[in-house]
1. Less than 10 Å Cβ to Cβ from residue 138, Lys/Arg counted +1 and Asp/Glu -1: what total charge do the surrounding residues give?
2. Can you compute the helix-only [θ] at 222 nm over the chain? Use -39500 (n - 2.57) per DSSP H run of at least 4 residues, normalise by all residues, nearest 500 deg cm²/dmol.
3. According to a simple spin-label model (label point 7 Å from Cα along Cα-to-Cβ), what is the distance in nm between residue 298 and residue 207?
4. Between 246, 58, 25, find the one with the highest GNM mean-square fluctuation for the chain; connect C-alpha pairs within less than 10 Å.
5. Give me the Debye-computed log₁₀ of I(q)/I(0) at q = 0.12, 0.19 Å⁻¹ for region 40-188, equal point scatterers on Cα only, no solvent, two decimals.
6. For region 144-332, what does the relative contact order come out to in percent, with C-alpha contacts under 8 Å and a separation of six or more?
7. For the chain, what relative contact order do you get, as a whole percent, if you take Cα pairs closer than 8 Å and at least 6 residues apart?
8. Where does the charge balance sit around residue 92 when Lys and Arg score +1, Asp and Glu -1, over other residues with C-beta under 13 Å from its C-beta?
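Each reported figure results from applying straightforward, stated rules to the coordinates on display, with no laboratory input. As the structure is a computational prediction, the values presented were derived from the model and not from experiment. Quick reminder, even Gly has a Cβ in these numbers, built from the backbone with ideal geometry, and neighbours come from all protein chains shown.
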Amino acid sequence: MTHPNPSFPDQAQARPLNVAIVGATGAVGVELMGCLERRGFPVASLRLLASARSAGRTLPFKGQDVVIEALGPDSLQGMDVALFSAGATISRQYAPIAAAAGCVVIDNSSAFRMDEGTPLVVPEVNGALLADRPALVANPNCVAAIAVMALAPLHARNPVTRVIGATYQSASGAGAAAMAELEASTTAYLAGEAYAPKVLPHPYAFNLFSHNADVDAASGYNGEELKAMAEIRKILAAPDMRLSFTCVRVPVLRAHSMALTVEFERPVTPAEAEAWLADAAGVRLVNDHAANHYPMPNEASGGDDVLVGRIRADLSDPTGRTLSLFLSGDQLLKGAALNAVQIAEALPR
Ligand code: A2P
């Protein structure tokens, strides 16, 4: 269900802004442009920045071809807001340059997410943190952003004490090159040809594998799992919430799915949870037991809403305090570009 969010300023009244996209040619960069255009974000000027490899190419925005420029020390001069999606190294290097130029940064990388002074924001959940117009806002990891869309409306009514999650993550989270690899390796597989993986560490066609982030030797969790768990706690302002995730890449192009087993402080029924989720901005219930129709990545892809369903009491908890659910959300939209543009919309001018 899509609700207007009263904390978002009326775009028609807002002063148009000079907007830069850092990493414009990437999977998220292209979606950032699409979100700005589709949502009528008040853009006075748009500067597209990428590596020197892409300089001089063009990308379309509002019917015009915009020339891509190579990112450099002067690129952010005169910009009001920069949407960064070119990896943590570029963010660390260029965020201070943006700050010196008076340009607000909305950063899609992991560089600053867990810094104490940096707000990590999903506007429907903790958009209030934007009220004092921070100069740097971190956009969450895609698993965290999608998961909190379902967890926050539940947690607000009956505190969540523990979450066990298993994810089914798309290629898009590893960038445009990984999406191309999924397509090319599938084509090769169907033609009976050999394909040597170049971007991801394992064969992707008709396969799945534990998420490609490095594994922490001490805990045995991979980096994606640790990020998701820490970021969910931060966004929900629930430092004591116990979480355990298993993150897996599946051969899907651009939507992440996840199975969540959620333990609450007090007993809860599936009907209560359904009612709370039906009321939540940015969430759409897909919970048709009769038709066995639940969230699927092909129905989440290209849409703004996180799909939530398969809501049922966890039979392994006789106290009635645990529910299981299944979600799908577009990794490039709510998991990245849409959330970043929603942050830009919600920032006071
Ligand atoms: P380019 O296409 O010129 O390499 P993805 O996550 O989909 O792989 O996208 C990464 C984005 O980050 C791309 O837009 C890429 O631009 C950009 N990028 C990579 N390295 C740099 C760099 N050194 N300076 C600026 N942008 C970069």
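1. Numbers: positive: 113, 234; negative: 107, 115, 231.
Computed value for this residue: -1.
2. -8000 deg cm²/dmol
3. 2.4 nm
4. Among 246, 58, 25, the largest mean-square fluctuation in the Gaussian network model of the chain belongs to 58.
5. Ignoring solvent entirely, the Cα scatterers give -0.67, -1.32.
6. Once divided by the residue count of region 144-332, the mean separation gives 29 percent.
7. Answer for the chain is 20 percent.
8. With Lys, Arg at +1 and Asp, Glu at -1, the net is -1.
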